[in-house]
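First comes the structure, then the notes that go with it.
None of the figures in this text is laboratory data; all of them are computed from the coordinates on show. Owing to the predicted nature of the structure, the values given are computational and were not obtained by experimental measurement. Neighbour counts run over all protein chains shown; Cβ positions are idealised from the backbone, glycine included.
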């Protein structure tokens with residue numbers, strides 16, 4: 001069985017998104033590309049890191065990461081990523097609203113799970129087989145999995161900015177003990193920190 | 001004129017202290033030595049880092065870092081650091097309660113400043129001469145200076161733990177742009193990150 005990983009691009013004050021996320025501003029007010037500049041401007045330098053973010057055998061994400069807004073589904077919405085999402089694997093989307101699975105190009109499927117984070121984990125584990133399962137985000141979903149003790153490895157990509165409000169990693173998670181894995185590394189646009197969650 | 005620096009030992013979720021700081025628990029409930037283990041257990045390895053924390057020509061700290069509790073002064077209280085505090089320089093303590101200056105062994109003086117952060121900075125600048133001024137803490141004091149744009153260099157010492165509540169660095173500071181200085185480094189007990197505040 002693989003491990004459960006989680007990659008999060010956050011600000012120095014711990015936010016994965018600003019307030020008021022929307023179709024027009026998927027990362028919320030005042031964020032724009034501030035958290036992800038390294039992915040675009042240093043794509044070559046960090047190609048291995050970027051590849052590892054989508055290397056898992058299955059993914060879990062929150063409804064809020066799959067689609068803007070809440071409530072009933074817009075059946076035309078198939079995610080933010082166009083015809084061929086970067087996952088190339090089964091993705092399980094946590095939601096309160098049932099929906100038929102979607103199959104997109106390149107092996108990405110979206111399955112909508114309405115019975116909670118543990119059910120989604122069981123499905124993702126089965127789909128991944130021996131490979132890792134990745135908790136793809138957003139912060140609220142990651143925090144639920146952290147609080148439940150279900151994440152093994154947390155890979156933080158910390159942008160040298162503060163945002164001041166929004167969706168914050170670790171909110172409501174309480175006290176954790178972690179163990180650094182490898183050495184921290186970085187550039188002017190990002191610091192990469194990897195931790196094993198040991199509590 | 002030197003620069004204004006700030007060293008902060010924080011948790012991965014950004015807390016410099018837990019809730020309910022007191023005489024018995026100066027770093028608040030549930031914190032103990034979790035943020036500072038590296039200073040004690042890796043004192044030799046990090047002797048240069050530890051020395052640099054008290055290398056400035058003058059220091060500024062909040063009342064809450066100098067003494068437990070609030071309100072009127074206990075005239076017998078001369079700080080947490082015993083007869084010879086590690087500062088060996090003038091320290092300016094922000095407070096609403098006037099008090100005569102204190103002179104301790106080894107060149108540490110505590111001067112109590114009741115007219116605000118900018119007045120304290122002016123006094124510290126004058127006392128430091130060409131040397132740096134260090135904002136020693138706690139988080140609330142650092143946040144005030146960050147919000148006022150008065151800190152040039154932020155040196156974070158991030159312990160691999162989360163605390164879940166208490167005094168948080170960057171609270172109320174809003175959006176900042178920073179620039180990493182040098183490379184991140186660390187051990188199992190701490191990650192050192194240095195930033196220039198550029199906003």
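So how do A:126-139, A:151-164 stack up, highest first, on mean other-Cβ count within 10 Å?
Numbers: A:126-139: 20.2, A:151-164: 22.1.
So the peptides A:126-139, A:151-164, ranked by packing, come out A:151-164, A:126-139.
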In nm, give the distance between the simple-model label positions of residue B:119 and residue A:45, each being 7 Å from the Cα along the Cα-to-Cβ direction. 4.6
At q = 0.10, 0.14 Å⁻¹, what log₁₀ I(q)/I(0) does the protein assembly as shown have when each alpha carbon counts as one equal point scatterer in the Debye sum? -0.70, -1.19
Expected max-MSF residue from B:30, B:166, B:71 in the GNM of chain B (alpha carbon, under 10 Å) is B:71
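Order of B:35-45, A:55-65, A:188-198 by packing, highest average Cβ count within 10 Å first?
Working: B:35-45: 15.5, A:55-65: 22.8, A:188-198: 19.6.
Sorting B:35-45, A:55-65, A:188-198 by mean packing, highest first, produces A:55-65, A:188-198, B:35-45.
For segment A:1-141, calculate the relative contact order in percent as a whole number, restricting contacts to Cα pairs under 8 Å that are 6 or more residues apart. Intermediate values should be presented prior to the final figure.
Details: 236 pairs, mean separation 45.6, N = 141.
Dividing the mean separation by the residue count of segment A:1-141 yields 32 percent.
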Mind checking A:152-165 for the average number of partner chain beta-carbons within 10 Å of each residue's beta-carbon? 4
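Quote to one decimal, in nm, the extra length available between residue B:54 and residue B:36 on full extension: 0.36 nm per residue of separation minus the C-alpha distance between them. Walk me through the numbers on the way to the answer.
Numbers: separation 18, 0.36 × 18 = 6.48 nm, distance 1.52 nm.
Here the answer is 5.0 nm.
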Relative contact order (%) - segment B:58-199, alpha-carbon pairs under 8 angstrom, separation at least six: 21
GNM on chain A, Cα springs under 10 Å; top mean-square fluctuation among A:181, A:49, A:31 goes to A:181
Measure off 7 Å from each Cα along the Cα-to-Cβ vector at residue B:175 and residue B:199, then give the distance between these two points in nanometres to one decimal. 1.0
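Only helical DSSP H runs with n ≥ 4 go in: add -39500 (n - 2.57) per run for chain B, normalise by residue count and round the 222 nm mean residue ellipticity to 500 deg cm²/dmol. Intermediate values should be presented prior to the final figure.
Numbers: 5 runs with 37 residues, N = 199.
Calculated at 222 nm, the ellipticity per residue is -5000 deg cm²/dmol.
Residues of B:4-13, mean number of Cβ from any other protein chain within 10 Å of their own Cβ, rounded to a whole number?
Numbers: counts 0, 0, 0, 0, 0, 0, 0, 4, 9, 10.
Counting other chains' Cβ atoms within 10 Å and averaging over B:4-13 gives 2.
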Can you tell me which of A:145, A:87, A:46 moves the most in a GNM of chain A? Springs connect C-alpha atoms under 10 Å apart. A:46
Fraction of antiparallel bridges per DSSP, chain B only, in percent to nearest 5: 40
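Compute the FRET efficiency between residue B:81 and residue A:100 as 1/(1 + (r/R0)^6), taking r as their Cβ-Cβ distance and R0 = 56 Å, and round to the nearest 0.05. Mind showing how you got there, number by number?
On the way: r = 66 Å, r/R0 = 1.17.
Given R0 = 56 Å and the Cβ-Cβ separation, E is 0.30.
Can you give me the relative contact order of segment A:135-199 as a percent, contacts being Cα pairs under 8 Å and 6 or more apart? Numbers along the way, then the final one.
Numbers: 92 pairs, mean separation 26.0, N = 65.
Value for segment A:135-199: 40 percent.
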Residues of A:175-185, mean number of Cβ from any other protein chain within 10 Å of their own Cβ, rounded to a whole number? 6
For a quick protection proxy, order the peptides A:5-14, A:72-81, A:110-119 by their average other-Cβ count within 10 Å, most packed first. A:5-14, A:110-119, A:72-81
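When DSSP beta bridges are limited to those with both residues in the protein assembly as shown, what percentage is antiparallel, rounded to the nearest 5?
Numbers: 34 of 78 bridges.
That works out to approximately 45 percent antiparallel.
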